[in-house]
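To keep things clear, I will list the structure first and then write my remarks on it.
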Amino acid sequence: MKPTGMLIDEHHLVGRMINIIRLEISKIENSGKIIDASVLDSIVDFLRFYINITHHEKEDILLNKLKEKPIRPEDIEIIEQLIEEHKYMKTAIDDIVNAEMQYFKGENTLGIIITTFNALISLYPKHIQKEEENIFPIVEKYFNDDELALMQNEFDRVDREMIHKKYKTLIEELKK
Ligand SMILES: [Fe+2]
Ligand SMILES: [Fe+2]
């Protein structure tokens, strides 16, 4: 599979999670602010380890390599926006992780969680659209087959390392 094909497949899964988050927000709002703890935990896990690490790390590899190619200034501008959006989402996801921990300790952080979920689901579809319409189509124009194969190897490395990062984090958090 080509590197961009892999990222587009991941977007489909992310899109399904966005729908789930949207549904959960309306359930919380209709039930008088009650959240299903296991659903919340599954959503947070997906944001942290699938979106933030697995997906964005691969895209950052692609975007940083593409930035070095003789592409148009308007494409460089979009790449910079996308990298900034990844940073913004990392901060937002870290905020949700902290708010979730406090929530499980009995603090009322549901407002922060919902506000941050809303910020993410309003940004993400536009973010995906920019990647798929403006950036991914030019990748094969600027990278030859060897470079694409190298990029694919780097993507595979990110996937391999993710499982170890996930469980190392879990052990560190359980030790606290
Ligand atoms: Fe992205
Ligand atoms: Fe993406």
Legend entry - For segment 3-175: Kirkwood Rh in Å [reciprocal of mean 1/r, alpha carbons]: 17.4
Legend entry - Alpha carbon Rg of segment 50-134, scaled by the compact-globule rule 2.2 N^0.38 Å: 1.30
Legend entry - Calculated [θ] (222 nm, deg cm²/dmol) that DSSP helices of n ≥ 4 give over the chain, each run adding -39,500 (n - 2.57): -27500 deg cm²/dmol
Legend entry - Cross-link pairs beyond the 23 Å C-alpha cut-off, checked among LYS67/LYS87; LYS2/LYS58; LYS87/LYS165; LYS69/LYS165; LYS65/LYS90; LYS58/LYS168: LYS69/LYS165
Legend entry - Inverse mean reciprocal Cα-Cα distance (Kirkwood Rh) of segment 1-64, Å: 13.1
Legend entry - Residue of ASN118, ASN98, ASN30 that the Gaussian network model of the chain assigns the largest fluctuation, springs spanning Cα pairs under 10 Å: ASN30
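Each value in this text was obtained by applying a stated rule to the coordinates, not by laboratory testing. Being a predicted model, the structure only gives us computed values, none of them experimental.
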